[in-house]
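The values are calculated or read from the model by the stated rules, or taken from the named source; none is laboratory data. Computed from a predicted model, the values in this text were never measured in an experiment. For neighbour counting, all protein chains shown are included, and Cβ atoms are generated from backbone atoms with ideal geometry for every residue, glycine included. Note: areas computed on protein heavy atoms with side chains; ligands, DNA, RNA excluded. Shrake-Rupley method; radii C 1.70, N 1.55, O 1.52, S 1.80 Å.
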Amino acid sequence: MIAIVVDSTVYMTRREAHLYGVSIVPSIYNNKYDKYIDDIKDDSIYDEIFPTTKQPDVKSFYNTFRELGKRGYDILCLTISSKMSGTYNSACVAANHIKSVNICVVDSRVTGGGMFMLVKKARMMADRNIALNDIANEIIRMRDNIVLRYTVDELNIMKNSKRVSYIRQSAVSMLNLKPVFSCDKGAILMEDPARNGYDLIRRLTAGIPSETDYIIIHYIIHNQLVEDVRKYLTAKYTRALIQLRKLGPVIGINTGSSICAVVWYEE
């Protein structure tokens, strides 16, 4: 039997965690646990002056691994990109302290919907009785084929969280353009900015293969851009499942509540 452990930036509901056999190790924001997305009802956190976040600690992973090991599980642990957080390191340290349990810790090199796609793949393989190491190897192969792009309304929050340089921020602000970011092997890169409207939507969705059957749109506040992206993708990719998935505080505090992201998988 294989159990899947993830950190809470996957942003799953309680029902999804149960369906996919997932144990979630929570991150922390303003001394509150960030675990299931359907437990987060109040978006006022983004209005606070100095909100804080904290990655899961070694003890949290250790306790989760030990409990699952006692129940006879092998464990696949997927974490947010190690270039965005120290969560991967915490999970590795915890796993190294438990010698009696077969544990594979994998840096997903993504977050949010990208991690969710990896969870679904891992569970499908586990249900077919594929060995833990083979599942981990497939997840490692798959992770860099997940594309994540996003935009925000303004860059001060990302600047303060060390996500973007002051020079690039100034250029975007002065030209009244919208920033576009992508995730490349776990690192957040700033692409050429876009104009508002169709140009922004085109940039966020550029390169989605015509045969794609699953696309995730992430948001915190369901604004007009999120709805315009949904309508655009629904019209263009008629065979694909277009899923809206809300992000939570640990991501939002570092990007701002205006984030609109698009995630898909390509071979």
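For N63 and Y214, calculate 0.36 nm times their separation in residues minus their Cα-Cα distance, and state this gained length in nm to one decimal.
50.9 nm
Just the number, please: carbon plus sulfur as a percent of the accessible area of the chain, 1.4 Å probe, no ligands or DNA/RNA counted.
48 percent
Dividing the convex hull volume of the Cα atoms of the chain by its residue count, what figure in Å³ per residue is obtained?
123 Å³
Antiparallel versus total DSSP beta bridges in region 1-77: what percent is that, nearest 5?
Taking every DSSP beta bridge with both residues in region 1-77, the antiparallel ones total about 40 percent.
To the nearest 10 degrees, how steep is helix 58-70 against the longest Cα principal axis of the chain, on a 0 to 90 scale?
Tilt of helix 58-70: around 50 degrees.
I want the antiparallel fraction of DSSP beta bridges within the chain, as a percent rounded to 5.
Here the share of antiparallel DSSP bridges comes out near 55 percent.
Between their Cα atoms, which of K32/K178; K35/K99; K35/K83 are more than 25 Å away from each other?
As for pairs spanning more than 25 Å Cα to Cα, those are K32/K178; K35/K99.
Label points 7 Å out from Cα along the Cβ direction at R141 and K83: separation in nm?
2.3 nm
How much accessible area per residue does the chain have, in Å², with a 1.4 Å probe?
Roughly 49 Å² per residue, with all protein chains present.
Looking at N96, V10, A194, which one has the Cα that reaches farthest to the positive end of the dipole of the chain (charges on Cβ: Lys, Arg +1; Asp, Glu -1)?
N96
Per 0.36 nm of contour for each residue apart, how much would the distance between L244 and K185 grow if the chain were fully extended, relative to their Cα-Cα spacing?
Stretched out fully, the L244 to K185 stretch lengthens by 18.9 nm.
Which distance in nm do the two modelled labels at V93 and L177 give, with both placed 7 Å along the Cα-to-Cβ direction?
Going from the V93 label point to the L177 one covers 4.1 nm.
Please find, in a Gaussian network model of the chain (springs between Cα atoms separated by less than 10 Å), the residue of M12, M115, M190 whose mean-square fluctuation is greatest.
M190
Please label the shape of region 95-150 as rounded, prolate or oblate, based on the square roots a ≥ b ≥ c of the eigenvalues of the alpha-carbon gyration tensor (a/c under 1.5 means rounded; beyond that, a/b larger than b/c means prolate, else oblate).
Because a/c hits 1.5 or more and a/b fails to exceed b/c, region 95-150 counts as oblate.
On C-alpha positions alone, give me the angle between the axis of helix 87-96 and the longest principal axis of the chain, in degrees, nearest 10.
Result, in degrees: 10.
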